[in-house]
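For reference, the structure discussed in these notes is given below.
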């Protein structure tokens, strides 16, 4: 079979517009008679708030200040509707949006924003997900901070550990991470002549955005159009709503185009992060180096909002064994609210954190058994026909053993190089 | 308000500016040259890189009045009558472009380097691009593109017609 495209180098369709600077991102769109907007955000992680916008509204050039009072249905979110369009009486994280100041210029918006009075009555916050799971901890939403608990049970770990001569047991933690896509959030909204509300943004989910705009503003979906411009990187951080509803509300109310552009700092404050995880692991191998049992408890810090917490922690749980066959497995993974910045989708979606734990467990077991890190992996790695702890039989495309073989070859070369470098450092040359 | 004169992409401009206006705001907001991007506003990311009197600079760190009398090249100035600059062509062919937001800055940095040093080593190219951040593709493909552009420039190939 001759393939027309596969195997050939094709120039991507948008490359020309991007190498010439013609590609439009939302900040590149300027419309006649447009207004600008700035978002006032919470400066504290947990507080009851009272907002007074009266003085701010009187500032020259300020056209309108939107708050929770202007939103027909003040809730949104990709899974749970636990985000507010604007914080109403409570803020749950630093950076939560409180008001949207629309003005004739960016300076006017900033002046207006500085005149908004927010009275914070600070509440005890919770910043450690393990603390947040305890009964007496401050609650972020409702009665419990535990959003989700995923259970994976396969075989009998007690029996499995009985057959082990080597056991690795440790707790691993990973940190929060920002996507830091290069194009900060920006968007522009306007009304078309027939009354259609248009929001042009760089988004991963124009269809979700449209649904959320229509739902929160009580519009028919047919009256809302979301235009996805060029997207300057996303990596998961453009899955949740940031500016979409604010922009829609402003253009709908004022019947003029409204533009908002974030700086880098506001971008960091406004969108999700990668879930930090606490991963408590115990893994055992028998005298021949075959894995017999694994027990893991994984806690993901969801921050102040759910976003994709259950999907991410489910994925972490499903992948908890790493790419290894283990007959007896018990995994509990949890997603937990805290008053930290909210976390959500980011490249890998919960699978990225796991190797930090699972792979270190393999190295510790290899050391205890007196075998090489390669040998323990070669013995236990998934091959075609392997059954995962979730019961999936891998029928095709599992070339991990080949990957390991290649690594073994290159590892020896790496060691030689490493020895040279180490010696050089010892000699004080570097 | 003050009036400045400058040349941008071979065109003479006489413009009124606010004294607190940055060069990037003059280019984007006032002159509609939106190919120059703002990624951080503090000289870290290089998305706003332009060439000013032969030197690559972050246009977010230059005040507009400082550009009075200068000669500036932005990404819009590279394409000539539908003919791409060899650097632009190389970036397309090497698959160096994904989201594209860093690309104008990277291409301008590449041009600033090659204008001064037509035959840099790979290490020198890395150094020349070290002021530009990319979050999608990484840097190897951009460096590959620079090396390919060097070849095109040597061969005098400049006939990549715009067929897009």
Quick check: convex hull over the Cα atoms of segment B:76-144, volume per residue in Å³, rounded to an integer? 88
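Quantify how strongly other chains surround peptide B:69-79 by giving the mean number of their Cβ atoms within 10 Å of each of its Cβ atoms. Before the final figure, lay out the partial values.
Details: counts 0, 0, 0, 0, 0, 1, 5, 3, 1, 3, 5.
Per residue, the average neighbour count from other chains is 2.
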Taking the number of other C-beta atoms within 10 Å as the exposure measure, put A:1, A:113 in order starting with the fewest. A:1, A:113
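Mind ranking B:17-24, A:191-198, A:86-93 by how tightly packed they are, going by the mean number of other C-beta atoms within 10 angstrom, highest first?
Numbers: B:17-24: 18.0, A:191-198: 12.2, A:86-93: 20.6.
So the peptides B:17-24, A:191-198, A:86-93, ranked by packing, come out A:86-93, B:17-24, A:191-198.
Quick one: length gained pulling residue A:104 to residue A:135 fully straight, 0.36 nm per residue minus the C-alpha distance? Before the final figure, lay out the partial values.
Values: separation 31, 0.36 × 31 = 11.16 nm, distance 4.94 nm.
Residue separation times 0.36 nm, minus the Cα-Cα distance, leaves 6.2 nm.
Restricting to bridges with both residues inside the protein assembly as shown, how much of the DSSP beta-bridge set is antiparallel, in percent to the nearest 5? Each step should come with its number before you reach the end.
Values: 72 of 91 bridges.
The antiparallel fraction comes to roughly 80 percent.
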Calculated from DSSP helices alone, with each H run of at least 4 adding -39500 (n - 2.57) and the total divided by the residues of chain A, [θ]222 nm to the nearest 500 comes to -8000 deg cm²/dmol
What FRET efficiency comes out for residue A:1 versus residue A:412 if R0 is 51 angstrom and r is the Cβ-Cβ distance? Round to the nearest 0.05. 0.85
Can you compute the helix-only [θ] at 222 nm over chain B? Use -39500 (n - 2.57) per DSSP H run of at least 4 residues, normalise by all residues, nearest 500 deg cm²/dmol. -8500 deg cm²/dmol
Percent breakdown of C-alpha pair distances by 5 Å bin, ordered from the shortest bin, for segment B:2-77: 3, 18, 32, 30, 14, 3
What's the angle, to the nearest 10 degrees (0 to 90), between helix A:206-217's Cα axis and the longest principal axis of chain A? 50
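So in segment B:2-77, what percent of DSSP beta bridges are antiparallel if you round to the nearest 5? If you can, show how the numbers build up before the last one.
Values: 14 of 16 bridges.
Close to 90 percent.
Once you sort the root eigenvalues of the Cα gyration tensor of the protein assembly as shown as a ≥ b ≥ c, which label holds: rounded (a/c under 1.5), prolate (a/b larger than b/c) or oblate (the other case)?
Details: a/c = 2.12, a/b = 1.23, b/c = 1.72.
Oblate, because a/c is 1.5 or more while a/b does not exceed b/c.
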Per GNM of chain A with C-alpha springs under 10 angstrom, the most fluctuating residue out of A:247, A:152, A:394 is A:394
Helix B:140-155 versus the longest principal axis of chain B: what is the Cα-based angle in degrees, 0 to 90, to the nearest 10? 80
Sort A:403, A:306, A:154 so the one with the fewest other Cβ atoms within 10 Å of its own Cβ comes first. A:403, A:154, A:306
Rounded to the nearest Å, the spacing of the alpha-carbon centers of segment B:28-61 and segment A:58-104 is 32
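Considering only segment A:211-344, what is the antiparallel percent among its DSSP beta bridges, to the nearest 5?
45
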Could you work out the mean count of beta carbons from other protein chains within 10 Å of each residue's beta carbon in B:29-39? 5
Along Cα→Cβ, 7 Å out, is where each label goes; now give me the distance between the ones at residue A:288 and residue A:255 in nm to one decimal. 8.1
Among B:66, B:147, B:88: highest mean-square fluctuation, GNM of chain B, C-alpha pairs under 10 Å: B:66
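Go ahead and run the numbers for FRET between residue A:402 and residue A:128, Cβ-Cβ distance against an R0 of 41 Å, rounding to 0.05.
The computed FRET efficiency comes out at 0.45.
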Just want the ordering: B:137, A:20, A:2, A:338, from fewest to most Cβ atoms lying within 10 Å of their own Cβ. A:2, B:137, A:20, A:338
Between helix B:103-116 and chain B, what is the angle of the helix's C-alpha long axis to the longest principal axis, kept within 0 to 90° and rounded to the nearest 10? 80
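How big is D, in µm² s⁻¹, for segment A:283-412 by Stokes-Einstein at 4 °C and 1.567 mPa s if Rh is the Kirkwood radius over C-alpha pairs?
On the way: Rh = 15.9 Å.
Answer from the Stokes-Einstein relation: 82 µm²/s.
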Please find, in a Gaussian network model of chain B (springs between Cα atoms separated by less than 10 Å), the residue of B:115, B:85, B:144 whose mean-square fluctuation is greatest. B:115
Compute the distance in nm between two label points, each set 7 Å from the Cα along the Cα-to-Cβ direction, one at residue B:19 and one at residue B:126. 4.6
Expressed in angstrom and ordered largest first, the alpha-carbon extents of segment A:178-239 along the principal axes are 37, 20, 13
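Throughout, read-outs are computed from the coordinates displayed, never taken from laboratory work. Computed from a predicted model, the values in this text were never measured in an experiment. With ideal geometry, Cβ positions are generated from the backbone for all residues, glycine too; neighbour counts draw on all protein chains shown.
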